[in-house]
Amino acid sequence: MLATLRDLMIYNPEFRIGAILLGLVAGMAALSLASPYAPLDTFVVAPDLPPSFAHPFGTTSRGQDVFWQLTFAIRNTLTFGIVVAVLSRLLSLAIGLLAGYKGGWVDRVLMAINDTFIAIPLFPILVLFYFVLRDAMSWAALAIIMALLGWAYDARLIRALALSLKTREFTYTGVFSGMTTRELLVREHLPYVMPIVFATTMNNMNWSIGLEVTLSVLGFTDINSPTVGSMIYWANQHTALVAGVWWWIAFPVILLVALFIGLFLLAVSMNEHIDPRSRLRRMGAEGGA
Amino acid sequence: MTATPAADREPKRASAGAPREPVLTVEDLKAYYRTRHFGIEREVRAVDGVSFEVRDNEIYGLAGESSSGKSTLLKAVAAAMRPPLQVVGGTVRMRFLAGAKSLHQASSAELAQLRWRRLSYIMQGSMSALNPVRRVRRSFEDFAARHLGGTGAAFEAKVVAHLELVRLDKGVLDAYPHELSGGMRQRVTIALATLCRPDLVIADEPTTALDVVVQKDVLDMIRDVQRQVGSSLLLVTHDLGVHAYLTDRLAIMYGGRLVEEAPTETLFRSPQHPYSKHLIASLPRIGEEAPKVTLTGGPPNLAEPPPGCRFHPRCPLVMERCRRETPALTRLAPHHRVACFAVGGQA
């Protein structure tokens, strides 16, 4: 595992840059543990101060230090993205692999549900959920809702792969050797679809974080728990740009862009690395057949 | 070429002695593809009443053109059917299956007992027989560990010892399939199939994707391994050269039925069935200048096979009776069976 990471660092510039960006973001999130201020406290520092040594990212109009506030915000945002990604990956893997391998009525039923989810417009549904749930709309609830809505595209992708894997000789060999369906899917088919899953995990995190930020900026989530989106929401509420408090919006946006780019580059490099052929080519080895 | 007859490489059975029950006995096996699309039912009789047996330490060949039902027959014999393929009649008995029942009546637990240890399968196409994203070691663990027993170092020692038999070193275990050459990959699949020293190995076109030089190598190796492990081998390929080189007995399949069965040499020297005659005559010979006689027509559509003998529309010796009745596979000589009214004493 360490050797893999070392190789990636040496041979894959996309991974290097992506890892550095994501490392910065994660480091930022980790710093929240050392914050001198509680995340929900307001007016703990003088408001509207520009970036300085005492307050590297300045302070907000609500008397919060942007830097420390941002550590909490990015931690919540990142956790949100990871939770949605993991939950929706489990769903899409289970459904995609099973539908593709089993075929027949299992496939038809699962894909009918799948296509329904693909056809549903997500944003109005999420807004609707907010109006129905109101105060019960915590970020955990939102994460579960997004996970339940976000698996469909990838399940179809995985099903397409599983369809072709189903007729490969090693699947027949596995069936013949007496592997159960579960063993076959987990041991033989799962490793094959993993590159796609890795790549889509990063993309899914981008998607869910992006939607969460959109909802937060518009005020359709629990705006009291600090996320990058709700920070921007509050900045807009205090007309930060008009008031000249640009740092309140600029730093969250910069951090968010760093996170998006980092995830994207990791997705690209992972995808390439997991295929042993392109990995060896990148490492300059003319190995293989 | 190879010689690793260590003490543990002795065949597990005494090959001589009293004649024993055949390893595999297939009787009147019928396997059809049944599909139903938009309410239209279709039935393709890919294997229609096939009987044969495979004896101890024997390489039994099965030849036939494409769509003659060879691969379907293998699937049915290995009890590895998947819908829409169904076995609709006949029995497949194996000596080592308790109670003399057909493989298709055995419970899945009983089948699991048989597989790999008693009966194994070399799949068609070495290119995709191994999972491209799993190291070879993992494929061995996934497919064979449960049957061979032993874990970790003990299992690995057995695998490495067995790989020596096919002249591969243990380094291949850590390779991905794409890092091996076609011949090496085929040897890995042969090692995988024979790892548990099964009584019967079924091989479906084991050398089709290889060039002739590697092919000969692999064929030699199949024979070496077969002799040392003491398995019987059921080999299917359309390549008559392979059959001539390797098999002890040979059966010719046409349109889902066996038309002739004889010791390989007999079949090549004096084929009896008109189809076998044409098949053997079509083989190129050095110095021959006369053009080959071709049969008119094509192989029968197995969804609507011709009545009577399935070869009759193309047969040069066709009689009125061939159009109505189906000839049975009857014994011509002690080891020679033919299904034709025009041959032998079938009155």
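None of the figures in this text is laboratory data; all of them are computed from the coordinates on show. All values derive from a computational prediction rather than experimental measurement. A quick note on method: Cβ atoms are made from the backbone with ideal geometry, for glycine too, and the neighbour counts reach across all protein chains shown.
For segment A:64-78, what does the Karplus curve 6.51 cos²θ - 1.76 cosθ + 1.60, with θ = phi - 60°, yield as ³J(HN,Hα) per residue in whole Hz, taken in order and with x for Gly and Pro?
10, 7, 4, 4, 6, 4, 5, 4, 5, 4, 5, 4, 5, 4, 5
With +1 on each Lys and Arg Cβ and -1 on each Asp and Glu Cβ, how big is the dipole of the protein assembly as shown about its Cα centre, in debye rounded to the nearest 20? If you can, show how the numbers build up before the last one.
Numbers: 64 positive and 54 negative charges, 317 e Å.
Dipole about the Cα centre, nearest 20: 1520 debye.
Please list, or write none, the lysines whose alpha carbon is within less than 19 Å of the alpha carbon of B:K158, excluding same-chain residues fewer than 8 places away.
Partners within reach: B:K12, B:K170.
If each DSSP helix of 4+ residues adds -39,500 (n - 2.57) and the sum is divided by the residues in the protein assembly as shown, what number results at 222 nm, nearest 500 deg cm²/dmol?
Rounded to the nearest 500, the figure is -15000 deg cm²/dmol.
Once all Cα-Cα distances of chain B are split into 20 Å bins that start at 0, what whole-number percent is in each one?
The distribution over chain B is 28, 56, 15, 0, given as percents.
Among all the lysines, which ones have a C-alpha under 24 Å from B:K75's C-alpha, if same-chain residues fewer than 8 places away are not counted?
A:K102, A:K166, B:K30, B:K101
What FRET efficiency comes out for A:T79 versus A:R182 if R0 is 35 angstrom and r is the Cβ-Cβ distance? Round to the nearest 0.05.
Once rounded, the FRET efficiency stands at 0.70.
Using modelled backbone amide H atoms (1.01 Å from N, in-plane), which distant-in-sequence or interchain residues come within less than 5 Å of B:Y254's amide H?
Amide H neighbours of B:Y254, under 5 Å, 5+ apart: B:V259.
Indicate, rounded to the nearest 5 percent, the antiparallel portion of the DSSP beta bridges found entirely in segment B:20-247. List each step's numbers first, then the result.
Details: 19 of 33 bridges.
Taking every DSSP beta bridge with both residues in segment B:20-247, the antiparallel ones total about 60 percent.
Need one value for B:74-86: mean number of C-beta atoms belonging to other chains within 10 Å of its residues' C-beta atoms.
For peptide B:74-86, the averaged partner shielding equals 1.
Please average, across the residues of A:162-173, the number of beta carbons from any other chain that are within 10 Å of each residue's own beta carbon, and give a whole number. All intermediate terms of the calculation are to be shown ahead of the outcome.
Working: counts 0, 0, 0, 2, 1, 2, 8, 13, 12, 3, 10, 17.
Per residue, the number of nearby Cβ atoms from other chains is 6 on average.
Rank the residues A:V132, B:V236, A:V127 as a footprinting-exposure proxy: fewest other Cβ atoms within 10 Å of their Cβ go first. All intermediate terms of the calculation are to be shown ahead of the outcome.
On the way: A:V132 9, B:V236 25, A:V127 13.
Placing the least packed residue first, the sequence is A:V132, A:V127, B:V236.
Kindly state, as a whole number, the per residue volume in cubic angstrom of the convex hull around the alpha carbon atoms of the protein assembly as shown. Let's see the in-between values first.
Working: hull volume 138.0 nm³, N = 636.
About 217 Å³ per residue, rounded to a whole number.
Once you average over the residues of B:130-138, how many Cβ atoms of partner chains fall within 10 Å of each Cβ? Working shown, then result.
Numbers: counts 4, 12, 7, 11, 5, 1, 0, 0, 3.
Shielding by partners across B:130-138 averages 5.
Which of B:G182, B:G256, B:G287 ends up with the largest GNM mean-square fluctuation for chain B, with Cα atoms connected below 10 Å?
Among B:G182, B:G256, B:G287, the largest mean-square fluctuation in the Gaussian network model of chain B belongs to B:G287.
Would you pull out the residues with amide H under 5 Å of B:I202's amide H, same chain only if 5 or more places away, H placed 1.01 Å from N?
Hits under the 5 Å cutoff: B:S120, B:Y121, B:I122, B:L234.
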